[in-house]
Structures are given as structure tokens and as C-alpha cells.
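Nothing in this text is a laboratory measurement; each read-out follows from the coordinates by a stated rule. In this text, all values refer to a predicted model and were calculated from it rather than measured experimentally. No Cβ is skipped: glycine too gets one built from the backbone with ideal geometry, and neighbour counts run over all protein chains shown.
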Amino acid sequence: MSVHARRRQKLLDTLGDGLLVLPTAAHKLRNGDVHYSFRPGSDFTYLTGFPEPHAVLVAWRTGTGKHRSILFVMPRDKAREIWDGKRHGVRGAVQRFGVDEAFPIESLREKLPDLLAPHIRLFHTLGDDEELDDTLMKVFAVLRAKNRRRNPAAHPILEDPKPTIAKQRLVKDAEELATMRQAADISAEAHCAAMRAARPGMTEYQVQAVIEETFRTHGSMRNGYDSIVASGPNACILHYIENTRKMRRGDLLLVDAGAEVDSYTADITRTWPISGAFSDAQKAIYSIVLKAEKACVRVVQPGKAWDGIHKTALREITKGLVSIGLLKGDVAKLVKKGACRKWFMHGTSHWLGMDVHDVGPYEDADGKSIKLRPGMAMTVEPGLYFDPADKSVPKEFRGIGVRIEDDVVVTRTGHEVLTGGVPKEVREVEALCAAGA
């Protein structure tokens, strides 16, 4: 409870005087009367920890280092709880989540005019929740009519709090990092289990089952994102999620999968030979990506520019392609003209946290890459992908896709690799694959 209160206080101190109105995520229908599994909004969870749908946070500063917070939630309902499970209710919201007050969500429209009246600024993101937006418009009309003799403004000054929340979430606190380590450890165990289990003749979704069973048995209730289990040429499809192909002897298998723990996700990619040994061509490409990945990890240091990670990847990938003859010429000139982009078409890093592509700016107000600071968490994930129909490369390279991805946190003195529990050196990978044979 104190963690969420501390985060709210920090946010409100940054935003200044005004009323924060923040809904959780919508509970969406999947088909018919079946809903998608509910996941609370990330910003909402970060500031409250409250897990149920149909909830709204209202909060404001009351002085230096002080604030007041209210949750509007679904009330206890014995009949509905038989069908949908127990609710925390109004009393539970206060007792378990550390807010000052709680009310039934149905009373939000009635109470908002009094809550909003003392404030000239409203911190709210229009467009995220149409029902809440409609409620606020009606509240504005009520306040306008009530104060018509004063010729009031049509509405308070509206300010989107999301950019401020994103900047705050970008630097993880100790509790967040502890959870991310747990998610990384579970994900690492799952990747190792998949390396031991994958064999020719299995389908991709059978490997997916090994991964996600490991997630669940080790304490992850859900994935951070859809698992990518891409064998052979499917590894050249960056966001491949069909996972239906039967794997063949000689294939590489690229797995990009991460467990979510308490709303924080890991994001790991490993590529390995399901027959237990890399071919010469596979090893050549894998070694280029591995060297680039390790060089990029070394760039993660406080004070370094974020885009230095990608610049390092481009240089190392280009250098490697020149070394095996797939590119010819001066490395610096080849990098400048983007010669490797045909085979390395994505970025090398993104923020990581409650969202797999987590919030936070990559550039400052002047358009320059931001500097890395302790507590920032990110992925490092260079790759090379040679389409099966790419006749610009020798036949032995066609259909090879390799990506290696780790989760890295900036520390005061350097960096911490959260996902070091999954092998990535050639000999270690081959040994682990052979161990399950």
C-alpha cells in the first residue's frame, strides 16, 4: 500500500495542483458474452494495485508531501460474485489498497461535481474511456449551470497526465525491479526447458506448451505477450505467432517469450538448433548476432545515449556481414547507407516494465536521444533474417533467422542483465539442447 501511495504522491507533486481522474482498462468482449481475460490498466495498477475492472482513481494534492485518494469500485454483490468471483468492494478497497476513501462506481457521476469544483485543472486523458469522458462532460455542464452567474469557463483546464506518468514509470523503483527479476527468472527457466524439450517432429505449439506450462508452474499467471515460437523460415517473420509448423531436422528455432509477474513482464529471445548442433552457416550468422548483442549490452551504462545501443548493433552486424562476404566495402560507409537493413530491419532496444514495449520517451524536447539513468530497464535484441526467397545471399543462408534478446537494467555503476539464466554462447546452447536428447 505504501508503495502505491508513494508513487501517487510523486506523480501529484510533479503534476501540481489539480484533480487526477484515472480509469482502469476496459473489460472487453471476446465473442458472444465471453470477455477477454481482464488485465488492469498499467498506469492504474502502478498507482493503485487494484485488480478489478470498472474502477476509477481520483486523487489530488492536499499540501506538501500530502495527497488524498479515492477509488470508485464495484460494490460487493453476492449474486454476481457467485458467477464472477469475489470482489474487494468499497471496504476492501480502503483496507487492502491504502486509499483514503472508496465508493461504488455507480456514484462517480454524483460525486464528481463536488470533487472537481475546487480545482481549475483536471488531469485526465480524453479518448481512453468513452463512458468516463461522457460522465465528465455532464459534470462540466452541471458545474457551468451551478456557477452561471460567475460566467465560468466551459470546463477546467485539461491536461493529459500520461506523459508525466510515463516519465515516472521509466525509472523503476526497488519493488518494480524485484518483480522484474522474478519474471526474468521464470522466463529463463521456461526457455531452458524449451531448449531441452524441442525435437524434430514436434510442432511449434508443443514447444509453446512447454514454455507456458513452466510459466504457470513457477508462478506466472499470464504471458507478457503472445509467445513467438518460430522454426525454420518462420523465424524470418518478426511477429510470427501462429506456432503451427512441424519442426524439421536441421531447423533453427527462434523463441521470443516472456512471463508476466504482478503485471511486470520479461522479454527474452533465444535461437537454437533443434537437432542439437548449428550448421556452419547457422553458426556464422548466430555468431555475428551474438557478438553484436554482447557489444550492445556493454553500451548500457549511466550517462550513455539510448540510441548508442542501436548504433552499436548496426556497426557490429555490418562488420560481421563483411567478414563472411555478404557485404563488401568499408564498414563505416556501409553503416551510413544502411546496407544491413535488408536483413536487420528492426530496432535494437525498447523500454521494458509493465508493458513489453513500456512507456517513456526515447528523445528529449530537442529531439536528441535521452541519456540512460539508473533504474531504466530495456531489451537488447539485435537479429539477422534471411528470407527463404532472398537470392542475394548464398543458398545456405536462406531461411535463417536469428535473434538474441536480454533484459538489461541500468545501475549506478553499469548494468545488470536480468536474463543471464538462459545460455547464449554456442557451446552452452548446443550442450543444453543435447541434454534433453
statement: Taking alpha-carbon centroids only, region 58-89 lies from region 417-437 a number of Å equal to 46
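Could you calculate the contour length gain from ALA332 to LYS294, that is, 0.36 nm times the residue separation minus the distance between their Cα atoms, to one decimal place in nm?
Working: separation 38, 0.36 × 38 = 13.68 nm, distance 1.99 nm.
Gain in length upon complete extension: 11.7 nm.
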- prompt: Could you give me the ³J(HN,Hα) list for region 422-430, computed from phi with Karplus coefficients 6.51, -1.76, 1.60 and θ = phi - 60°, whole Hz, x at Gly and Pro?
  reply: 9, x, 9, 5, 3, 5, 5, 4, 4
query: Can you give the Kirkwood hydrodynamic radius of the chain from its Cα pairs, in Å with one decimal?
result: 24.1
- line: region 152-200 and region 21-56 have their Cα centres apart by a whole-number Å value of 16
- request: Among the listed pairs LYS10/LYS86; LYS283/LYS342; LYS10/LYS371; LYS319/LYS342; LYS333/LYS424, give every one whose C-alpha distance is greater than 23 Å.
  value: LYS10/LYS86; LYS333/LYS424
task: May I ask which residue of ILE105, ALA25, CYS236 lies farthest towards the positive end of the charge dipole of the chain, with charges of +1 (Lys, Arg) and -1 (Asp, Glu) on Cβ and the Cα centre as origin?
output: CYS236
task: Using the Karplus curve 6.51 cos²θ - 1.76 cosθ + 1.60 with θ = phi - 60°, work out ³J(HN,Hα) for each residue of region 266-283 in order, rounded to whole Hz, and write x for Gly and Pro.
output: 8, 8, 10, 10, 9, 10, 8, x, 6, 7, x, 9, 6, 6, 4, 5, 4, 5
query: Taking the Cα centre of each part, how many Å lie between region 248-266 and region 268-340?
result: 20
- request: Could you calculate, for region 187-249, the ratio of the Cα radius of gyration to the Kirkwood radius, expressed as Rg to Rh?
  value: 0.96
- prompt: Which residues' amide hydrogens lie under 5 Å from the amide hydrogen of HIS67, considering only partners 5 or more residues apart or on another chain, with H built in the peptide plane?
  reply: THR62
query: Kirkwood Rh, region 1-135, all Cα pairs: how many Å?
result: 15.5
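Give the residue list of chymotrypsin sites (Phe, Trp or Tyr not before Pro) in region 1-64 that are DSSP loop and have at most 16 other beta-carbon atoms within 10 angstrom.
When the chymotrypsin sites (Phe, Trp or Tyr not before Pro) of region 1-64 are filtered for loop state and at most 16 Cβ neighbours within 10 Å, TYR36, PHE38 remain.
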- prompt: In degrees from 0 to 90, rounded to the nearest 10, what is the angle of the helix 130-146 Cα long axis to the longest principal axis of the chain?
  reply: 30
